C-alpha cells in the first residue's frame, strides 16, 4: 500500500509541476487563484504532501483539469508513434490506416489508400452518423444510397454515414482519401 501511496504522491507532484510550467504560472500565482498558501503548492510539487480531496479539487480547479489528471501517471509532453505502430487493415484491396493512435470517443479518422481498380463497401454506421470524405490525390468514386460522387484532389463530400455507401478508384493511379466519421447516438436528434 505504501508503494501505491508513494507513486500517487509522485504522480501528483509531477503533474502539478508540468501543468503549472506549461501554463507559465508561478506557485504564488496559483496560490492566489486557488486560495491556498504557496507552501501548500511547494509541498504538493515536492511530493511531500498528502492532500485531501478538497485540496485536490482546488488544485484541479486552479489548473483547469479534472482531478483524475492529477492522480494519473504523468503524460509525456509529446510522444512519437512510428508509422508501423498505427493500426491498419486491408478491406477490398483498400489499405485503411488510422490517423491517430488514440481512441477519441465518437470520432474515427482514417486514411484510405485505394489502388487502381479497387473498391470497398462501407459499413453503415449507427443512426445519426455523419461522414466527411476528402480526396487528397487521384480520383475517388463514392456511392451513397445509389448516388455517385466523383471526387478529385481537394473535393469533400459530407453524407449520412448510416446509409449504404462504397468507395472505388476508377483511375490509373493510387488514390488517397481521408474519412472523418462523427458517430451518431443511435437516434435522430
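The values are calculated or read from the model by the stated rules, or taken from the named source; none is laboratory data. Not measured: the values here are computed from a predicted model. Cβ coordinates were reconstructed from backbone atoms using ideal geometry, including for glycine residues, and neighbour counts include every protein chain displayed.
So here's what we get for this one:
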quantity	calculated
Complete set of residues in segment 37-63 that are over 16 Å from residue 17 (Cβ atoms) and assigned to a loop (DSSP other than H, G, I, E, B)	37, 50, 52
Where residue 101 falls short, out of the listed (1) touching a helix residue (DSSP H, G or I) at 6+ places or on another chain (Cβ under 9 Å); (2) surrounded by 13 or more Cβ atoms within 10 Å (Cβ to Cβ); (3) assigned to a loop (DSSP other than H, G, I, E, B)	(2)
Qualifying residue in segment 139-152 (condition: modelled with pLDDT of 95 or more, within 25 Å of the chain's Cα centre (by Cα) and assigned by TED's automatic domain parsing to the domain that holds residue 92)	no
Residue identified as under 30 Å from residue 80 (Cα atoms) and surrounded by 12 or more Cβ atoms within 10 Å (Cβ to Cβ) among 182, 140, 144, 157	182
Residues of segment 82-98 that turn out to be over 21 Å from residue 184 (Cβ atoms) and surrounded by 13 or more Cβ atoms within 10 Å (Cβ to Cβ), as a count	8
Test: residue in segment 64-82 that is under 30 Å from residue 173 (Cα atoms), out of contact with any helix residue (DSSP H, G or I) (no Cβ under 8 Å at 6 or more places or on another chain) and in a loop (DSSP other than H, G, I, E, B)	yes
Among (1) within 30 Å of residue 175 (Cβ to Cβ); (2) modelled with pLDDT under 90; (3) surrounded by 17 or more Cβ atoms within 10 Å (Cβ to Cβ) - the single one residue 49 does not satisfy	(1)
